[in-house]
Each structure stands twice: as structure tokens, then as C-alpha cells.
Amino acid sequence: MSAVIPKRILFTMIEKYTSEPAEKLVYNEDFWLEVRKGYRLNPDIINLENGYYNIIPEQTLERFIKHVREVNYQGSYYMRTVQFENKKAMAVKLAAIAGCATDELIITRNTTDSLDTIISGYPWKEGDEAVMALQDYPTMLTMFRQIEKRYGVVNRIVSVPHDPESDEEIANLYAGAITEKTKLLMVCHMINITGQILPVRKICDMAHSRGVEVMVDGAHTFGHIRFTIPELGCDYFGSSLHKWMSVPLGAGILWMKNEHISKIWPLMAPANDSSTDISRLNHTGTHPVYTDLTVEDAIEYYLMLGPELKEARLRYLQHYWSDKVRNLPHIEMYTPSNPARSCGIATVGMKNMKPAEMADILFKKYKIYTAPIDIAGVHGCRITPNVFTTTTELDVLVRALNELQ
């Protein structure tokens with residue numbers, strides 16, 4: 001990591017660190033305390049559940065409020081004139097972050113909206129098969145069950161090991177579920193209940209060699225770890241912008257290869273159904289357009305902080321606490337030990353305590369807010385720090401996990 005913080009800084013309180021190499025800033029707690037000042041945080045809790053919704057920094061929030069006021073000021077004039085032009089302009093900026101062509105990406109409402117569009121709109125025939133994992137997001141699995149009932153699709157479900165020995169182990173697991181009837185394979189880029197990063201490119205290459213298309217759930221990776229969508233090698237990709245990109249609630253992305261656009265049926269029928277235009281897939285009626293406008297502001301903050309620095313800090317924070325408790329006899333870790341296989345998210349359980357009870361004690365006794373997970377072979381609390389999380393807060397977590405036996 002040789003990058004330095006960009007010279008054009010929005011948050012002036014950290015300007016004095018602009019010449020310091022990123023590899024040093026990762027561990028510089030004074031720097032991150034300055035970043036923390038840019039957020040309005042509840043002082044009564046230690047928020048370690050940032051994976052569901054990332055609290056947005058104050059400067060982005062102020063821009064959002066400004067957009068709300070401006071849209072309200074212009075009223076129907078805005079909605080009937082530049083609304084769609086502005087949304088496309090925001091999609092272009094997102095495409096630049098994603099490293100993809102601008103005509104392959106649209107703004108949706110969230111990951112569920114994006115992936116449900118593909119699952120429900122795919123040209124299924126009775127007897128077709130789909131492959132997915134037990135650890136996939138429940139809403140996606142529910143949609144596949146609906147497709148199973150509606151079209152007679154057969155769903156084949158694998159179970160991903162928590163600490164795999166190799167990428168090949170994971171790719172072979174999915175390969176074993178593919179048959180000559182398989183049409184679509186769904187895979188998480190990062191499993192939401194454990195934080196495990198899966199070898200998506202190897203899975204995609206394997207699936208394509210068997211004539212199977214791949215849809216990637218990237219809800220927890222866009223704005224979290226660095227990658228471009230094309231390098232994943234998938235056919236479809238969806239993510240939520242209210243997570244690691246810190247956009248206000250109400251925006252996500254859907255990307256797909258141009259060659260697939262014409263065969264996917266929209267969730268809601270568009271007014272102008274051009275079969276080759278991806279925008280036909282994101283008609284949602286009247287929606288909060290000021291959220292779309294704030295995409296640009298969130299991207300600006302993301303780039304000013306630095307994608308490389310953000311990823312490195314989140315990975316450091318995860319291992320700061322998890323490495324200290326992983327080998328305790330009463331602890332069960334559900335996140336891989338290999339640093340390359342996870343980043344900010346990790347899930348920890350107590351061998352003699354149910355997740356709901358564990359989360360309750362962490363909150364009531366230590367003021368630590370977490371997400372209890374008790375599905376798909378995962379029984380613990382998901383710990384998700386953010387860039388404003390301090391190592392002092394994580395020390396409280398480590399102390400709590402040592403005391404809870």
C-alpha cells in the first residue's frame with residue numbers, strides 16, 4: 001500500500017495527515033478519531049452492527065437534506081424535467097467505481113430489488129434448475145422458492161464451510177450441484193452472516209464452462225473491498241448502496257452483461273420497453289429521487305477517504321478483536337481465519353449460549369449493539385465495525401467475550 005490520502009480533502013479536520021502513507025494511517029488511532037468527528041454517533045451505545053445500514057457522515061447527510069429541500073422547492077417541475085437525466089448521471093458515476101460500462105448498470109432500491117429482478121424475471125421453464133447456498137440471504141432464497149412453486153424450477157442448495165482450506169474446495173462444492181438442467185447459479189461475494197469472501201471468479205469460470213450463468217450477491221462488498229465487477233466474471237451483480245457506500249436508504253445497483261438485458265422481464269412494466277436498454281428494468285414509479293442525487297456525495301466522501309485505506313482499516317479492525325478471541329475454548333468463530341477471506345465482518349458465538357441471549361447480554365451489560373445470527377449453521381453475533389469504530393470500543397468487546405463463559 002503506497003497510496004496517500006488525496007490532496008483535495010472535504011473534511012478539513014484531517015488535512016494534516018494528507019502526506020502520511022496509507023499503510024501508516026491504517027494504525028493511526030489519532031487519524032481515525034478525526035474521521036470519527038465527522039459522524040454524529042449515539043454516545044450511549046457501541047454500535048457494532050454497521051452491516052445492515054452504515055451511518056452516513058454528517059457532510060453527506062447535510063448534502064442529502066439540501067437535495068430534499070431543492071426537490072421540494074422545485075416540486076413537479078423537477079420530477080417532470082431532469083429527474084431521469086440526473087439518475088442516469090449518478091449511474092455513470094457508480095459505473096466508474098464499479099469499473100463497468102455505463103449502459104450495463106442501473107440504480108435500483110437495494111440488493112433485494114436488484115436480485116429479485118433477475119430471479120423473477122429470468123425466462124424459466126419447468127424442470128430448469130438453480131444452484132445456491134444455505135448461507136445465502138434469506139430473501140433471495142425465498143424468491144427462489146417462489147419461482148420453484150410458480151414455474152416448477154428445481155433448487156439445489158449447497159452448504160459453504162466456515163473456514164475452507166482452498167478456493168478449489170468452494171468451487172468444487174458448487175460444481176457438484178450443477179447438472180445439465182442448471183440455468184443459473186447464485187453466489188454471495190461476501191456471505192452476510194459470516195463475512196466470508198468467496199472466490200467468485202473461480203466459481204464463475206467453472207459455471208461458465210458448464211454453460212451456467214452466475215448471479216452475484218454483492219450487498220456487502222461494493223464500497224467495502226476493492227474490485228471491479230467485470231473482473232468477477234459474473235453475468236449479473238446486485239448491491240445495496242446504503243451499506244458500505246454510505247448512501248441514504250433507498251438506493252442499490254444492478255449490473256448485467258448487455259447480452260442478457262433483453263431476456264429479463266422487469267418486476268414492474270416500463271413505459272418505454274426497449275429490449276436492449278437496461279433502464280427498462282428499474283421502473284419503480286415515483287420514488288425518493290433525492291436519495292439518487294446523494295449518490296454523488298457519498299462517492300465523493302468514499303474517494304476522499306480512499307478505497308484502499310478504508311478496506312485496510314476495516315480488515316485491521318476485524319482482526320484486531322477476532323484474533324484475540326478466536327482460540328478461546330468457549331468461543332466459536334464462524335469467519336475464516338485467513339485474512340484474505342474476510343474483511344470488516346465477522347461472527348462469533350458462545351458454545352453454551354444462544355445468539356439472542358448473547359446479544360442481549362452484550363447490549364445490557366456492555367452497551368454493545370450487535371446482530372444475533374441463528375440460521376444456516378451459524379449461531380452467534382455478527383460484529384461489524386465501521387471507519388468511525390475505535391480500538392477502545394473493540395477492547396470492550398474483547399473483554400466481554402472473555403468474561404461471558
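The residue that is farthest from VAL154 (Cα to Cα), among those in the range 116-134 that are surrounded by fewer than 17 Cβ atoms within 10 Å (Cβ to Cβ) and over 22 Å from the mean Cα position of the chain (by Cα), is GLY121.
What number of residues within the range 51-86 satisfy the criterion of being more than 29 Å from LEU314 (Cβ to Cβ) and crowded, with 16+ Cβ neighbours inside 10 Å? Summing the residues that are more than 29 Å from LEU314 (Cβ to Cβ) and crowded, with 16+ Cβ neighbours inside 10 Å in the range 51-86 gives 5.
Taking the criterion of being among the aliphatic types (A, V, I, L, M), surrounded by 19 or more Cβ atoms within 10 Å (Cβ to Cβ) and in contact (Cβ under 8 Å) with a residue 60 or more places away in the chain, the residues of the range 351-375 that qualify are ILE368, ALA371, ILE373.
Among residues of the range 135-163 being assigned to a loop (DSSP other than H, G, I, E, B) and of a type in the set (Asp, Glu), the one that is nearest to the chain's Cα centre (by Cα) is ASP136. Among the residues of the range 142-149, not a single one is under 17 Å from MET190 (Cα atoms), among the polar types (S, T, N, Q) and assigned by TED's automatic domain parsing to the domain that holds GLY218.
Out of all the residues in the range 1-42, which are at pLDDT 75 or above, of a type in the set (Ser, Thr, Tyr) and over 25 Å from the mean Cα position of the chain (by Cα)? Answer for the range 1-42, where residues must be at pLDDT 75 or above, of a type in the set (Ser, Thr, Tyr) and over 25 Å from the mean Cα position of the chain (by Cα): TYR17, THR18, SER19.
Residue check: ALA177 meets all listed conditions (1) in contact with a helix residue (DSSP H, G or I) (Cβ under 9 Å, 6 or more places away or on another chain); (2) in a loop (DSSP other than H, G, I, E, B); (3) of a type in the set (A, V, I, L, M, F, W, C) but one, namely (1). Checked across the range 257-280, the condition of being within 21 Å of the chain's Cα centre (by Cα) and closer than 30 Å to TRP124 by Cα holds for at least one residue. Per the conditions (1) on the phi < 0 side of the Ramachandran plot; (2) part of a loop (DSSP other than H, G, I, E, B); (3) touching a residue at least 40 places away in the same chain (Cβ under 8 Å), the sole criterion not satisfied by SER246 is (1). Number of residues in the range 249-277 that are closer than 24 Å to HIS224 by Cβ and not in a loop (DSSP other than H, G, I, E, B) equals 5. Criterion applied to TRP255, TRP265 was being more than 30 Å from PRO372 (Cβ to Cβ) and touching a Cys at 6+ places or on another chain (Cβ under 8 Å), and the one residue passing it is TRP255.
Residues that are farther than 16 Å from ILE118 by Cβ and touching a strand residue (DSSP E or B) at 6+ places or on another chain (Cβ under 7 Å) within the range 265-294 comprise just one, ASP292.
The values are calculated or read from the model by the stated rules, or taken from the named source; none is laboratory data. Note that the structure is predicted; figures quoted are calculated from it, not measured. For neighbour counting, all protein chains shown are included, and Cβ atoms are generated from backbone atoms with ideal geometry for every residue, glycine included.
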